[in-house]
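Take a look at the structure below.
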Amino acid sequence: MTVILGQMFTGISIGAVLLLIALGLSLTFGQMNVINMAHGEFIMAGAYTTYVLQKSISSAGISLIVALPVAFLVSGALGALLEWLLIRRLYLRPLDTLLVTWGVSLMLQQLARDIFGAPNVQTRAPDVLTGHITVIGGDDPLTFANNRLFILGLAIAAVVALSLTLRLTPLGRRIRAVVQNRDLAEVSGISTGRVDRTAFFIGSGLAGVAGVALTLVGPIGPTMGTNVIIDAFLVIVVGGIGQLKGSVIVAFVLGVLQSVLEYSTTVSVAKVLVLVAIVAFLQWRPQGLYTLRTRSLV
Amino acid sequence: MTTTTPVATKPKQLTGVKGRFAATRTAAGFAAGAVVLFAVAPLALSDFRLGLLAKYLCTAMVAVGICLAWGRGGLLTLGQGVFFGLGGYAMAMHLKIADAGPGQVPDFMQLYGTASELPWWWRPFANPGFALAATVLLPMAVAAILGSFIFRRRVKGAYFAILSQALAAAFAIWLIGQQATTGGTNGLTDIQGFFGYDLNDPVNQRMVYFVIAAALLLLIALARQLIHSRYGELLVAVRDSEERVRFLGYNPANVKLVAYVVAAGMAGLAGALFVPAVGIISPALIGIVPSIELVIGAAVGGRASLVGAVLGAVGVAWAKTALSEEFPAAWTYFQGLLFIVALAFLPGGLASLVGIVRRRRSNQALAGDAA
C-alpha cells in the first residue's frame, strides 16, 4: 500500500517539475504561438543564477529565497530581449521561430559553457529542504521528501499567480485581448507590441523560476535545457495550446504515468511508452485535452 | 496554423523552346555534378578528405528528403535522425553479424556476456538481401504507420514538429537503454567489412564513396521528378492552403504521407551508407541535436530548392568540421548565428539570393531601357 502511495507521490512530484517547466511555455507557446526552443536555456539561466547567488550569499536558505525573484528577472529580461531582437519579426512564421530560437539556444549553451565550464555544477539545498516528512511510520514507512514538497508548492503558487494575472489584472485582460483578436485589440488602443513583450517577459521569467526549482533535484549544466524542453512542449500540446488548466492536468497525469511505468519497466522503456500514449491520445483528441473552439478553418 | 513561406517555389511548367532550354540546363547541371563528384573530388582530395566528403554526402541525401517534406510540403520533420538511425542500424547489424562470422555473436555482445546467441530480432539481418531491403523499407514503414496516424487526424504545424522531435528523443533513449542488444551509448562500432570488402583498405573506401555519390545523384533525380510532377504541384498546394485542396476533393493526408514516407526512405538509405563510410552508428548520431542539424543544412542552403538544400547540407557539414577543428568553442556561436541570420532574415536560404540578384539585375536592365 505504501509502495503505491510512494509511487503516486513520486509521480505527482515529477508532475510538479513538468508543470513548472511547462508553465512559462503555456504563455509564450500557448498564448502567443511562438515555439521558443531557447526556453530550456532560460531555465538553465535561472539555475545558474541560483548557483551564482549561492556563491555570494553564504546561507543556502536566504540565497534560495533571493534566487526566485532574481532568476525571474534575469530569464525574463533574456526573453524580452529575444522577443525584441528576433521574435517580433517572426510572428507570422511560427515554424521558423522554432528554428531561429534553436540557433539562440545553441549560442546560450555555449555561453554557459564558456562562463561556467562544461562540467555540471551543484548547489547546496537549505537544511530545511534536505529532510523528509514521515507520513506513515512503522516497518513500512511512507516519506515525502521536503524538496519535492517545496517544488509542488512552488508549482501551485506559480499556476495560481499566472492564472490570476491573466484573469484579473488589466495586463492579463490586454494579453487575452491580443491573443483572441490582435487587430481588434490594436484598434482598441492596446499597444500589441508592448503586450507581446510583456507576455514574453513573464513566460520567460517563469522559466527562470523553474530553473531555481531544478537546482533542488539535479545538477546544473549547459545541456540541462535540452533535456527538459521536449517534455515541456509535449505537456502543452497534449493539454491543448493556450489552455492553462489542460497543462496542469496533463503535467500531473504524465508525471504519474511516467512514475508507474518506470516502476514496472525501465526508465527508457517508460519514456517510449509515454510517447506512444501521447500519440494515441492525439488520435482521440488531435487538438489536445482542451480546445479553443473557433470557426476558423486553419 | 498555416505558414506561408514568402518564397516563390512553384515549379515552372515550360514548353517549347524555353522548356527544352530548361531540360538542357537540368541535364547540364547533372552532368556537372557527376563530373565534380566522380572525377574532380577523387583526384583533388586525399583519402581522408574524400572519406569526410562521403560523410557529408550522406547528410545531403537526408537533405533531399527534407527539401521534399519541409520545403515543398511544409512538414517540418525534426525527427529525420530516427529514419537515418533505422537505416544505419539495419546496415550495421548485418555488417556486425558478417564480421563476427558464422555461429558467432558480434563482439560487444560477447564482451557483456549477456547473449550467447543472437537475439531473435537480429537474426533476419544475417541475410544480406533482407538487411539491404530493410535499410530503406523499415524507415518507410515506420513513417507510413506514424504518418497515417498523425496526418489523418490533422495533426500539423508545430504539433507535428514537436511530435517528430519527441520521437527522435524517445528512439535515442530507447537505444541507450537496450545496452545488451544495441550496444547502448556506444552504438555499433568498429565495423570492418562491407559485403566481403575490407573497409580498412583505402581502395574499398573509395568504392564506398562512389556508391554514396551515385546514390545521392539518384535521389536528387528522383526528388526532381517528384517535384515536377502533378504530385509535386499538389504537395505545394497542400503546404500553401490545405483546406482548399481538401475542398477540391483531394485528401491532403495522403499527399503529405507520400512526402513523409519518401523522405524517410531517403534518410534510411543515407544512414545505411553512412555506416560503411564512417564505421559506426550510435544514439549520439540520431537524437534531437543531430536531427535538427540535418535540417540546418537544408535551411541555410534553401529549403525549397534541391540544389540549395544539397549544397547547404554539404557546406554546413564541411564548415562544421573545418571550423570546429580550428575553434571548437567559436563554432557553436557561428552555427547558431548562421541559423538565426539564414532563417530570420533570409527565409529562402542562400538559394533565394540567386533569385534576388537575378530580379534586381533584370529590374536594373528594365530601368536602363526606360531611361
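The values are calculated or read from the model by the stated rules, or taken from the named source; none is laboratory data. All of these numbers come straight from a predicted model, not from anything done at the bench. Positions of Cβ are generated from backbone atoms using ideal geometry, with glycine treated the same way; all protein chains shown enter the neighbour counts. Calculation scope for accessible area: heavy atoms of the full protein, side chains included, ligands and nucleic acids excluded. Shrake-Rupley method; radii C 1.70, N 1.55, O 1.52, S 1.80 Å.
Looking across region A:83-102, the residues that are without any contact (Cβ under 8 Å) to a residue 24 or more places away in the chain, more than 21 Å from the chain's Cα centre (by Cα) and in a helix (DSSP H, G or I) come down to A:Leu85, A:Arg89, A:Asp96. Going by the conditions given, is B:Val211 modelled with pLDDT of 90 or more, part of a helix (DSSP H, G or I), of a type in the set (A, V, I, L, M) and more than 22 Å from the chain's Cα centre (by Cα)? When the stated conditions are applied, B:Val211 does not pass them. The set of residues from region A:129-173 being surrounded by 11 or more Cβ atoms within 10 Å (Cβ to Cβ), out of contact with any Ser or Thr (no Cβ under 8 Å at 6 or more places or on another chain), assigned to a helix (DSSP H, G or I) and of a type outside the set (A, V, I, L, M) comprises A:Thr130, A:Phe150, A:Gly153, A:Ser163, A:Thr165, A:Arg167, A:Arg173.
Highlighted here are the helices (runs of 4 or more DSSP H) found entirely within region A:207-289 that include at least 3 residues which are out of contact with any Gly (no Cβ under 6 Å at 6 or more places or on another chain), away from chain B (no Cβ under 14 Å) and at pLDDT 90 or above: A:244-264.
Mind listing just one residue for me: the one in region B:143-163 that is hydrophobic (A, V, I, L, M, F, W, C) and open to solvent by 20 Å² or more (accessible area, probe 1.4 Å) and, of those, nearest to the other protein chains (Cβ to nearest Cβ)? Within region B:143-163, the match that is nearest to the other protein chains (Cβ to nearest Cβ) is B:Phe149.
Tell me whether region B:66-89 contains one or more residues that are in contact with a strand residue (DSSP E or B) (Cβ under 7 Å, 6 or more places away or on another chain) and open to solvent by 10 Å² or more (accessible area, probe 1.4 Å). For region B:66-89, residues in contact with a strand residue (DSSP E or B) (Cβ under 7 Å, 6 or more places away or on another chain) and open to solvent by 10 Å² or more (accessible area, probe 1.4 Å): present. Can B:Thr135 be described as more than 10 Å from chain A (Cβ to nearest Cβ), over 30 Å from B:Ala253 (Cβ atoms), in a helix (DSSP H, G or I) and hydroxyl-bearing (Ser, Thr, Tyr)? No: the conditions fail for B:Thr135. Of all residues in region B:223-253, those being in contact (Cβ under 8 Å) with a residue 60 or more places away in the chain and either closer than 26 Å to B:Ala270 by Cβ or open to solvent by less than 30 Å² (accessible area, probe 1.4 Å) (or both) number 13.
Identification of helices (runs of 4 or more DSSP H) wholly contained in region B:29-121 with 1 or more residues that are within 26 Å of B:Gly302 (Cβ to Cβ) and touching a Phe, Trp or Tyr at 6+ places or on another chain (Cβ under 6 Å) yields B:47-66, B:80-100. Of all the listed residues (A:Phe72, A:Phe42), the sole one being modelled with pLDDT of 85 or more and either within 14 Å of chain B (Cβ to nearest Cβ) or open to solvent by less than 20 Å² (accessible area, probe 1.4 Å) (or both) is A:Phe42.
Residues in region A:106-128 that are open to solvent by 50 Å² or more (accessible area, probe 1.4 Å) and either within 11 Å of chain B (Cβ to nearest Cβ) or not hydrophobic (A, V, I, L, M, F, W, C) (or both): A:Leu111, A:Arg113, A:Asp114, A:Ala118, A:Pro119, A:Asn120, A:Gln122, A:Arg124, A:Asp127. All conditions but one from (1) more than 22 Å from A:Met37 (Cβ to Cβ); (2) without any contact (Cβ under 8 Å) to a residue 60 or more places away in the chain apply to B:Val262; the one that does not is (2). Filter region B:164-191 down to the residues that are assigned to a loop (DSSP other than H, G, I, E, B), more than 8 Å from chain A (Cβ to nearest Cβ) and out of contact with any strand residue (DSSP E or B) (no Cβ under 6 Å at 6 or more places or on another chain) and list them by number. Residues satisfying the conditions are B:Gly183, B:Thr189, B:Asp190, B:Ile191.
Say we look at region A:57-69 and pick out the residues that are in contact with a helix residue (DSSP H, G or I) (Cβ under 8 Å, 6 or more places away or on another chain) and in a helix (DSSP H, G or I); which of these is surrounded by the fewest Cβ atoms within 10 Å (Cβ to Cβ)? Result: A:Gly61.
Checked against the criteria, A:Leu90 counts as over 23 Å from A:Ile14 (Cβ atoms) and in contact with an Asp or Glu (Cβ under 6 Å, 6 or more places away or on another chain).
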